[in-house]
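Working notes, structure below.
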Amino acid sequence: MRLSRLAATTFLLPLAASTVGPASVAAQVVIEPRYNVRIERNIRIPMRDGKTLSADLIRPDADGRFPILIEYHPYRKDDASRGGHNQHWYLAERGFIGVRLDVRGTGGSDGANTDEYLPQEQEDGYDAVEWLARQPYSNGNVGMFGTSYGGFTSIQVAMNQPPSLKAIAPMYATDYRYTDDCHYTRGGNMRMYYDVGTYGGSMVAMNALPPLPDLSGPRWAEIWRERLEKNEPYLIKWLRNQLDNPYWHGASLRPDYGRIQCPVYVIAGWRDGYANAMMRVFQNVKTPKKMLMGPWVHQRPHQSVPGPRIDHLNEMARFFAHYLRSEDTGFMDESPVQVYMQRYSNPSRTLDPTPGHWRNGADITPSATSELTFYLGSGGRLTPEPASGESFDEFEYIPTVGAENGYWSAGGMSFYLPADQRPDEALSLTYTTEPLEEDLRILGWPKVVLHGSSSAEVATFVAKIAEVADDGSSALIVDGSLNGTRRGVLAEALKKPKPMVPGEVYELDIPMFPTGWVVKKGHRLRLAVSGADFPNLWPTPYEATNRVYRGGQYASRIVLPVVPESKLSPPQFLPAPHLETIVKSYGEEPSQQTIVDQIKGTVTVTNKTAGTVVLEDNLGSLYRNRQFRCTADRNRPDRASIVGTHRYVLTRDSDKIEVVAESSIRATRDAFHLLIDLNVTKNGRPFFQKQWTVSEPRQLM
């Protein structure tokens, strides 16, 4: 059965239930479910070198040819990410064949996995697209989508231009792996808690798990043994490549956006770590494109906390139906830019939903905005006009500042949104405007230009822009940072940084994240400047006294991209759907603490999460426990550390395989020291053990 424009029903539906604001109604095109669904497991897809990758097909239970939608990542479709089948179930009900594909060396696929996003991985993706397009159940048109890693692979496979790939919908992904991923920042700082505490440390353990015996057949032991002996921790390569170099370029779209030849639907979140890259992708690809930007963290829009939560899958179905089934769903007739404009709320780690409203637009380039500039003035003021006289403000570098910031991309953190900024601001330089005379609508990339100096050869300047309410509470709007050794032309400085000359004044253009935010009339804007963002960034290793110069030739300032109130009706979305439950899962109560040692002067952030997935068909269960401890020393900035422990237990009847990986990075003034300890037991007895020890000089980090 073929859906058409006539089969897609138009309803009058209210705004998504979790949206804050006045109720309203608007026409919304809905792709209705039409099919029962069946799952075909462990389909072997041949690669050109003879290896095979394992895929599940979640497909309409009907005869006919359907478009293919691939999600391609290493997160073990058979157990660890089994619940993700529910998105494909939704799409299969609407006439698409969902394919969940394990990356080579992971899950049920053949081979070894020595790093993320290798050329081999991209080649495998190309082969999978073309093989699936030729199958008798396919109509020959293939799309790709995915969140995070699956969004990365959607972009990377599209860069290789398989002929049958006709559209992609990347979510929370990047176009440039060095500046806009979880390892380093656009300002040349190394991220701290994330790699060891969450993703990177977790992959050490996950990649040591075997495929499910019931699905992998007689080669189960062979596949697992190759994986244990040949897989390598990603963490080692990330630490060895502290500068922007060719290691990062092979899987990066930027700057050659012309390699994307198919239509693109970009889905992103203001509080996600990839908002900058996703907006840049939308700006620069030349194919038909749309962008949806909500207030979300690194969680899919139908389940993100904070909300509003919406049915993004209906929007994806409309997009893919348009390009893979040649149906007029009205999707491309709507505004190409749909963004959520956030508003002030009393700052809270657990804020939900985010107050604000949806906005339609045609453009997010600088030409669509005007600029509003505030200059740093005396007495901690932000003023519309620069001061005539030159002066400076001075602050001591405190490595533990930043605990009230939001955690980059959420990264599995339990409570991740920014808290009230006043405790951090008390240890920072602050500059504040007078109360605003009207609402101020910010959309795009703010600029923060500081004239600064340091007594140290390596120093970071962190900038935060916040909205200050009548009661003094300070809600973070957006932030950014720059390692002063990466000053000047950033593209070159990230490759060849130079030590700062103590006392010399530099113009520092702080790379800021983008935002969509409406500052309330009567509230004030505040800029806070400090030398640290712990635990998001590794502290620089030298004690320092830093200065910010203002007035005269030192026009330190913030420049805001502002837009008028929109005259277009806002976009409307279906409320979050109740998706099919594929497997049962349950979690334990998470734990998260910030511990201040008043004697030692250390601040430690700890986090612990755990949960279990109970697999269908009596295939057992997978338990996961993740915890980390991240510490900085107020008095010794060179002493900082992160320790992450990741434990997986795969249970089938009386058989139990346990994998524990402990990874740590400990810093000294001159180097980072990485230790990884992997232990595998089977039914309580040692089965496999391996260690890696690496020390890398700090590259002006």
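Toward the positive end of the charge dipole of segment 479-615, with +1 on the Cβ of Lys and Arg and -1 on the Cβ of Asp and Glu, the farthest Cα among 542, 591, 564 is that of 564. Which of 213, 223, 197 sits farthest toward the positive end of the charge dipole of segment 189-265, with +1 on the Cβ of Lys and Arg and -1 on the Cβ of Asp and Glu? So the residue we want is 197. Annotation for residue 656 and residue 683: the two label points, set 7 Å from Cα along the Cα-Cβ direction, are 1.3 nm apart. Toward the positive end of the charge dipole of the chain, about the Cα centre and with charges on Cβ (Lys, Arg +1; Asp, Glu -1), which of 427, 499, 163 goes farthest? Going by the charge dipole, the pick is 163. For segment 245-320 and segment 326-347, what is the centre-to-centre distance using only Cα atoms, to the nearest Å? Value for the Cα centre distance between the two parts: 13 Å.
Quick one: net charge of residue 143's neighbours, Cβ under 11 Å, K/R +1, D/E -1? Result for the neighbourhood of residue 143: +1.
Computed on the chain, with alpha-carbon pairs under 8 angstrom and 6+ residues apart, the relative contact order is 14 percent.
Measuring against 20 Å, Cα to Cα, the residue pairs 51/166; 166/289; 608/690; 464/495 contain 51/166; 608/690; 464/495 as the ones spanning a longer distance.
Would segment 605-701 count as rounded, prolate or oblate if I go by the C-alpha gyration tensor, calling it rounded below 1.5 in a/c and otherwise prolate when a/b exceeds b/c, oblate otherwise? Taking the square roots of the gyration eigenvalues as a ≥ b ≥ c, segment 605-701 is prolate. Counting only residues at least eight positions apart within a chain, or on another chain, the aspartates and glutamates with an alpha carbon under 18 Å from that of residue 567 are 333, 334, 363, 438, 439. Which option, [x] 78, 62, 43; [y] 83, 71, 48; [z] 102, 66, 47, is the value of Cα extents along the principal axes in Å that was calculated from these coordinates? The value computed from this structure is option [x].
Averaged over residues, the count of other Cβ atoms within 10 Å places the peptides 285-298, 198-211, 96-109, 556-569 in the sequence 96-109, 198-211, 285-298, 556-569, highest first. Can you spot the lysines whose alpha carbon is less than 20 Å from residue 496's alpha carbon? Ignore those fewer than 8 places along the same chain. Output for residue 496: 237. The HN-Hα couplings worked out from phi for segment 665-670 by the Karplus form 6.51 cos²θ - 1.76 cosθ + 1.60 (θ = phi - 60°) are 10, 10, 9, 10, 4, 10 Hz, whole numbers, x standing for Gly and Pro. Quick check on the chain: helices-only [θ] at 222 nm, where DSSP H runs of length 4 and up contribute -39,500 (n - 2.57) each and the sum goes over total residues. Nearest 500, please. Helix-only estimate at 222 nm: -4000 deg cm²/dmol. Local charge for residue 279 was computed over the other residues whose Cβ lies under 12 Å away, with Lys and Arg +1 and Asp and Glu -1, and equals -2. Taking Cα centre as origin and charging only the Cβ of basic (Lys, Arg, +1) and acidic (Asp, Glu, -1) residues, the dipole magnitude of the chain rounds to 780 debye. Highest average first, the peptides 436-445, 632-641 ordered by how many other beta carbon atoms sit within 10 Å of their residues are 632-641, 436-445. If only the Cβ of Lys and Arg carry +1 and only the Cβ of Asp and Glu carry -1, the dipole of segment 220-305 around its Cα centre is close to 320 debye. Once C-alpha pairs closer than 8 Å and six or more residues apart are averaged by separation and normalised to the residue number of segment 112-268, the relative contact order reads 31 percent. About its Cα centre, segment 178-249 has a charge dipole of approximately 100 debye under the convention of +1 per Lys or Arg Cβ and -1 per Asp or Glu Cβ, with nothing else charged. Relative to the longest principal axis of the Cα atoms of the chain, the long axis of helix 220-230 lies at roughly 30 degrees. Treating r as the C-beta distance of residue 598 and residue 426 and R0 as 22 Å, the FRET efficiency rounds to 0.85.
Normalised per residue, the accessible area of segment 287-413 is 34 Å², obtained with a 1.4 Å probe and no contribution from ligands, DNA or RNA. Spatially, segment 606-621 and segment 519-566 are offset by 43 Å when compared through their Cα centroids. Please report the carbon-and-sulfur percent of the accessible area for the chain; probe 1.4 Å, protein heavy atoms only, DNA, RNA and ligands left out. Of the solvent-accessible surface of the chain, carbon and sulfur hold 50 percent. Against the chain, whose longest principal axis comes from its Cα atoms, helix 312-324 is set at around 60 degrees. With a sphere of radius 12 Å drawn around the Cβ of residue 473, what net charge do the other residues whose Cβ falls strictly inside it have (Lys, Arg +1; Asp, Glu -1)? The answer is -3. The convex hull drawn around the Cα atoms of segment 36-100, when projected onto a plane and averaged over every direction, covers 4.6 nm².
The values are calculated or read from the model by the stated rules, or taken from the named source; none is laboratory data. Everything numeric in this text was worked out from a predicted model, so none of it was measured. Every residue, glycine among them, receives a Cβ derived from its backbone with ideal geometry; neighbour counts consider all protein chains shown. These area figures cover heavy atoms from the full protein model, side chains too; ligands, DNA and RNA do not enter into them. Shrake-Rupley method; radii C 1.70, N 1.55, O 1.52, S 1.80 Å.
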